[in-house]
Each structure stands twice: as C-alpha cells, then as structure tokens.
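First the structure, in the form of structure tokens, and then the observations on it.
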Amino acid sequence: MSATLSPARPRRGRPYGSWLRGIAITAVTLVFALPLVWMFAAAFKTNVQVTDPSVGLWFTPTLDNFRAVVEAGQIVRSMGNSLLVGVVSTVLSAVIAVPAAWAVGRFSLHRTGSVILVARIVPAISLLVPWYYLFARMGLVGSYTVLILSHMFVSVPLIMWIMISFFAGLPVELEEAARTDGLSAFGAFWRISLPLAAPGTATASLLAFVFSWNNFMFALVFSDDRTQTVPVTLFNFISYASTDWGGLMAAASLITVPVVLAAVLGQKYLVAGLTSGASKG
C-alpha cells in the first residue's frame, strides 16, 4: 500500500498577524498625522473657531489667516533666511563630516571620533552664554555667519555619527583594489566609497537640514530682525495677553511645506539610506 502525501495546510496564524500589523501601523499613523491635520484645519479657521471645541472639521474655511501672514511679509523673509542658513550649514557640515567619518572608519581614529562626537551629548544651551560673548566681541551677532556656525556645531557631529556606520559597512576590498590600480587613499574615497555612500549622505544631510530649519534656541539668541528665522517668527504670534491661533497655524502650515517637499523628493534616498545602514556591517 503506497502512502499518499496530502498537501500541507497553510498556517492560519498569518492572517491574524497581518491584521494586527495593519492595526498597529494605522494607530501609529493616526497618532502622528492627527496633530498635522488639526494644524492645517485650524489654519483655515478664525480665532473663535480654533478655540471652540464644538467646531471640528466641518466649518466654512477662510483664507484670511494666510492672507494676513503673507501680507505682513515677515514669514516670507524668515523662510528665505531659514532656507539660506539651512542649506549653507548643511552643505558645509557634509563637506567636513563625510570625509571625517570615512577617516575614522578606515584608519581607526576612534579616539578622535569620540572627541568630536562628544558634541552630540553636550547641551547646546550651556554654550549660549560663552558663544554670545565671543561672537559679540567679534561683531557677528545678528549675522548669517553666526547662525550657520552655531547650526554646524550640531550638524557636523550628526552627519558624522550617521556616516561612520555607512563607511564601516562598505567592503574595504573595493578601496584596496582601487589603491592597487594607482589611486591614492583620498582618490579611493572620492571615486569608490563616496558614490556608494550617497544614500547615507542624503539621509544625514536631510536630517541636518530639518534640524536647522526647526532650530529655535540659536536663532532666538543670535539673530535680529533682519536674519530672523521661521521658529522665531512663529514665536512672535504669541504675546502676553493673547495668541493669534489662526495666524500661528497658517504660518506653521507654510513653514511645514518645504520640509515635507524635501522629504518627499528625497524619499528614495532616505529609505535606501536608513535600510542600508541597518543591513550592512
């Protein structure tokens, strides 16, 4: 008598796992999305409607808040200031931090890297007083230079901290082969390692730009009316007696758009950078 093999029955636990995973993803998405939805909705409300709990998402929208914010002119100028400071500080930080991260990973400069990365744990607020004294003596307070330098203090260690793991995950044999073909150490980095680490560089640069765009403390202390950035401009909507909630939400919606666009346009490199950094090593 020959035994017949019956087809294996599919496991019944997978559908439940998929449902639970979907529910968890939906819950996390709602937690992060609801504040943004409320902010964008409040931007089209009057101040009375914003503070009225009975007014939800069903209301007659108005563009008065956006019109008032744009006509005031300060938000447009501050967005230009934030864009200038964010792009310049991010580019300069990447120019410094990416080769430094490669050198730390390839030449075992772990002590030097540790000294530089200490800036990641030093509270920035503890540096404001000595920085202000130093920059005031140099006549830089209120200039774009002091904002760029202060943002680089955080952006350089941030980019370096991210990029060290990327360069550590790249096969050293590729650079050794390039050295054998006559390239110098820096030539192997420039032609071999740097192109392979492009997703990581894009990820680290995007995170550094977001930090610069959202930074409030440095801009509040070191900027003036001419160099004021968007977080300080938002703070101006809050006064001792009252808060212009409609204008505040409209301005917050406007300054959120550039960051969202940067994340959407760089999504391919952002996802590739995060996943490759987790899978290599």
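The values are calculated or read from the model by the stated rules, or taken from the named source; none is laboratory data. Computed from a predicted model, the values in this text were never measured in an experiment. A quick note on method: Cβ atoms are made from the backbone with ideal geometry, for glycine too, and the neighbour counts reach across all protein chains shown.
Report every pair of residues separated by at least 6 positions or lying on different chains whose Cβ atoms are under 8 Å apart, first residue within region 17-29 and touching a residue at least 24 places away in the same chain (Cβ under 8 Å) and on the phi > 0 side of the Ramachandran plot, second surrounded by fewer than 10 Cβ atoms within 10 Å (Cβ to Cβ) and of a type outside the set (Asp, Glu).
Pairs that qualify, where the first residue is touching a residue at least 24 places away in the same chain (Cβ under 8 Å) and on the phi > 0 side of the Ramachandran plot and the partner is surrounded by fewer than 10 Cβ atoms within 10 Å (Cβ to Cβ) and of a type outside the set (Asp, Glu): there are none.
Whether any residue in region 168-190 is on the phi > 0 side of the Ramachandran plot, of a type outside the set (Val, Ile, Thr), part of a loop (DSSP other than H, G, I, E, B) and surrounded by fewer than 20 Cβ atoms within 10 Å (Cβ to Cβ) is what I want to check.
Yes.
Across region 90-110, what is the number of residues that are part of a helix (DSSP H, G or I) and modelled with pLDDT under 75?
Counting residues in region 90-110 that are part of a helix (DSSP H, G or I) and modelled with pLDDT under 75 gives 1.
If you check Tyr144 against the conditions, is it surrounded by fewer than 16 Cβ atoms within 10 Å (Cβ to Cβ) and of a type in the set (Ser, Thr, Tyr)?
In short, no.
Mind listing just one residue for me: the one in region 204-237 that is polar (S, T, N, Q) and surrounded by 18 or more Cβ atoms within 10 Å (Cβ to Cβ) and, of those, nearest to Val69 (Cα to Cα)?
The qualifying residue nearest to Val69 (Cα to Cα) is Thr233.
Search region 56-67 for residues that are exposed (fewer than 11 other Cβ atoms within 10 Å of the Cβ) and pair each with any residue that is among the small types (Gly, Ala, Ser) when their beta-carbon atoms are under 6 Å apart and the residues are at least 6 apart or on different chains.
Hits for this filter: Leu57/Ala41.
Can you tell me which of (1) within 28 Å of Ile238 (Cα to Cα); (2) touching a residue at least 12 places away in the same chain (Cβ under 8 Å) is the one Val129 doesn't meet?
It is condition (2) that Val129 fails.
Please state which of the following conditions Gly80 fails to meet, knowing it meets all the rest: (1) at pLDDT below 90; (2) within 30 Å of Ser242 (Cβ to Cβ).
Of the numbered conditions (1) at pLDDT below 90; (2) within 30 Å of Ser242 (Cβ to Cβ), the odd one out for Gly80 is (1).
What pairs come up if the first residue lies in region 244-267 and is among the polar types (S, T, N, Q), the second is in a helix (DSSP H, G or I), and their beta carbons are under 6 Å apart, counting only those six or more places apart or on different chains?
The qualifying pairs are Ser253/Phe40.
Quick one: in region 191-242, of everything that is of a type in the set (Phe, Trp, Tyr) and within 20 Å of the chain's Cα centre (by Cα), which residue is farthest from Thr180 (Cα to Cα)?
Top of the filtered list is Phe216.
Grab the helices (runs of 4 or more DSSP H) fully contained in region 202-281, keeping just those with 1 or more residues being in contact with a helix residue (DSSP H, G or I) (Cβ under 6 Å, 6 or more places away or on another chain) and either at pLDDT 80 or above or under 19 Å from Leu147 (Cα atoms) (or both).
Answer list for region 202-281: 217-222, 230-235, 245-265.
Would you point out the residue of region 43-77, among those that are at pLDDT 80 or above, farther than 12 Å from Gly246 by Cβ and in a helix (DSSP H, G or I), that is farthest from the chain's Cα centre (by Cα)?
Across region 43-77, the extreme among qualifying residues is Glu71.
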